[in-house]
Amino acid sequence: MLIGGSSTAEAPVRARGRSAADPATAPDATRPPAEGGAPAAGSTVAAPRRNALLARFDGRFVRFVLVGASNTIVSFCVFEALVHLLRHAAFGITLAQFVGYSAGIVWSFVWNSRFTFHSRAPVVTRGVRFLVVQLSMALASTAGIGVCAHVLRWAPTPSWFAVMVPVTIGNFLLSKHWVFLPA
């Protein structure tokens, strides 16, 4: 029976300050079935739960990819500006790459800390872990591209995509479960 747009079964749940849409606190009619069980009669849950792997890639993965894209833009812009400014300097391009890449790392660290993972863990702990993961991902991607290009004899672009997809996912999972753990 609907009273004011909600069923009477939802009223006690809402009265305790919890959402009826939350599966952990929802009334039995809207609660997902137990492992291997069928939905309750009259349940609004008809489809099986989302794939467990896909469930792990919540909105944070999208934000992580957005930060990565913006990181690429920042790195490239700093690189280009310094190439122009240091065009007559010895090793100007190399220095521009180092500074541009470093600017991208700092950008990524700040925005992943605040925007993606909302981490409040100590900055030094996050920073050291972040650098360890970034170095590991750089080594993994370099080795992977080396194998794809030199052993498998793939072209550079397919090699890059074949390597960067799993590296990005690994980077996200390490960032989520180790680097930016809540305090």
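The values are calculated or read from the model by the stated rules, or taken from the named source; none is laboratory data. In this text, all values refer to a predicted model and were calculated from it rather than measured experimentally. Methodologically, a virtual Cβ is constructed for each residue, glycine included, from the backbone with ideal geometry; neighbour enumeration extends over all protein chains shown.
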Of all helices (runs of 4 or more DSSP H) fully inside the range 91-183, the set with 2 or more residues that are charged (D, E, K, R) is 123-146
Take the conditions hydroxyl-bearing (S, T, Y) and within 20 Å of V62 (Cβ to Cβ) and apply them to S113. Does it pass? yes
Pull up the range 111-133, narrow it to residues that are more than 10 Å from F180 (Cα to Cα) and exposed (fewer than 13 other Cβ atoms within 10 Å of the Cβ), then point me to the one that is nearest to the chain's Cα centre (by Cα). V128
So in the range 86-110, with the set limited to residues that are more than 23 Å from R60 (Cβ to Cβ) and β-branched (V, I, T), which one is modelled with the highest pLDDT? V99
Residues (of a type in the set (K, R) and either modelled with pLDDT of 90 or more or in a loop (DSSP other than H, G, I, E, B) (or both)) located in the range 54-85: R60, R63
Inspect all residues belonging to the range 93-107 and state whether any of them is among the polar types (S, T, N, Q), touching a helix residue (DSSP H, G or I) at 6+ places or on another chain (Cβ under 9 Å), touching a residue at least 24 places away in the same chain (Cβ under 8 Å) and surrounded by 15 or more Cβ atoms within 10 Å (Cβ to Cβ). no
If I ask for residues that are loosely packed, with under 12 Cβ neighbours inside 10 Å and within 19 Å of the chain's Cα centre (by Cα), which ones from the range 134-154 would you list? L135
